[in-house]
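Colleague: Below is the structure I would like to discuss, written out as structure tokens.
The values are calculated or read from the model by the stated rules, or taken from the named source; none is laboratory data. Remember, predicted model here, so these are calculated numbers, not experimental data. Cβ placement follows ideal geometry from the backbone for every residue including glycine, while neighbour counts extend to all protein chains displayed. SASA here: full protein model, heavy atoms, side chains in, ligands and nucleic acids out. Shrake-Rupley method; radii C 1.70, N 1.55, O 1.52, S 1.80 Å.
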Amino acid sequence: MNEMNGKGSKPLVYLRALEMEDLEFLYEVENDRSLWGVGCTNVPYSRQMLIDYIASASADIYVDNQVRLIVENEQNEQVGILDLTDFDPRHHRAELGIVIKKEFQGQGYAKASVSRLLQYARNILHLQQIYAIVGIRNQKAAKMLQSVGFEGNNILKQWLCSPVGYEDAMFFQYFL
């Protein structure tokens, strides 16, 4: 990956399917209440539920209507998770979700991961577009998406429910 972060280094990332060894990382992410506001879940997941999910996931977007990939760096450390969800096989589009571990944030891993995912979506999955919905206050995510070519200035009014009420969200699209 030739993506440069602000410090001049080039984070190289690899995307891979979920493995049982990812259970604790997945458990942390799925049960991090600070992330619930940007996703569609509002209940904790048990380890057994996640074991069942990992065991049953085919890693085939056409079977599961989603694909979840682990992001690893050159040292084989788990850096984050990428999701393509709400896959629409008729219209060849899916929604992007991304979580980067706190200790890896701000180092270019999100940009490198999404860039790698776009290649995968174009060349392997043959998608026509990927879209992302970002809370209006999440300017870091908005800037990162724009830096890899996502477009959009559409505002979804009162789209996300937060502890302080409803907030607007931005709708981004990337055409492959």
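Colleague: Just to confirm, what accessible area per residue do you get for the chain at 1.4 Å probe, in whole Å²?
Modeller: Details: 10090 Å² over 176 residues.
Accessible area per residue, the chain: 57 Å².
Colleague: Determine the dipole magnitude for the stretch 111-164: charges of +1 sit on the beta-carbon of Lys and Arg, -1 on that of Asp and Glu, nothing else is charged, the reference point is the Cα centre, and the result goes in debye to the nearest 20.
Modeller: 160
Colleague: Mind checking the dipole of the stretch 72-169: about its Cα centre, +1 per Lys or Arg Cβ, -1 per Asp or Glu Cβ, Debye to the nearest 20?
Modeller: With Lys and Arg at +1 and Asp and Glu at -1, about 220 debye.
Colleague: Roughly how much of Y109 is accessible, in Å² to the nearest 10, using a 1.4 Å probe?
Modeller: Around 30 Å² of this residue is reachable by solvent.
Colleague: A follow-up question, please. Suppose a student asked you for the relative contact order of the chain, using Cα pairs under 8 Å spaced at least 6 residues apart; what percent would you report?
Modeller: 20
Colleague: Out of residues 5 or more away from V79 or on other chains, whose amide H comes under 5 Å of its own, with H placed 1.01 Å from N in the peptide plane?
Modeller: Counting only residues 5 or more places away or on other chains, the set is V71, E72, N73.
Colleague: Go ahead and set up a Gaussian network model of the chain, Cα springs under 10 Å, then flag whichever of V134, V43, V164 fluctuates most.
Modeller: V164
Colleague: Something else about it: Could you please state how large a percent of the accessible area of the chain is carbon and sulfur, counting protein chains only and using a 1.4 Å probe?
Modeller: Of all accessible area on the chain, carbon and sulfur atoms account for 50 percent.
Colleague: Can you compute the helix-only [θ] at 222 nm over the chain? Use -39500 (n - 2.57) per DSSP H run of at least 4 residues, normalise by all residues, nearest 500 deg cm²/dmol.
Modeller: Result for the chain, helices only: -7000 deg cm²/dmol.
Colleague: Could you point to the residue in Q78, A112, N65 farthest towards the positive end of the chain's charge dipole, with +1 and -1 charges on the Cβ of Lys/Arg and Asp/Glu respectively?
Modeller: Highest projection toward the positive end goes to A112.
Colleague: What does the charge dipole of the chain about its Cα centre add up to, to the nearest 20 debye, if the Cβ of each Lys and Arg holds +1 and the Cβ of each Asp and Glu holds -1? Write down the numbers at each step before the final one.
Modeller: On the way: 17 positive and 22 negative charges, 144 e Å.
The dipole magnitude comes to about 700 debye.
Colleague: Mind checking which aspartates and glutamates have their Cα closer than 14 Å to the Cα of K143? Skip sequence neighbours fewer than 8 apart in that chain.
Modeller: E151
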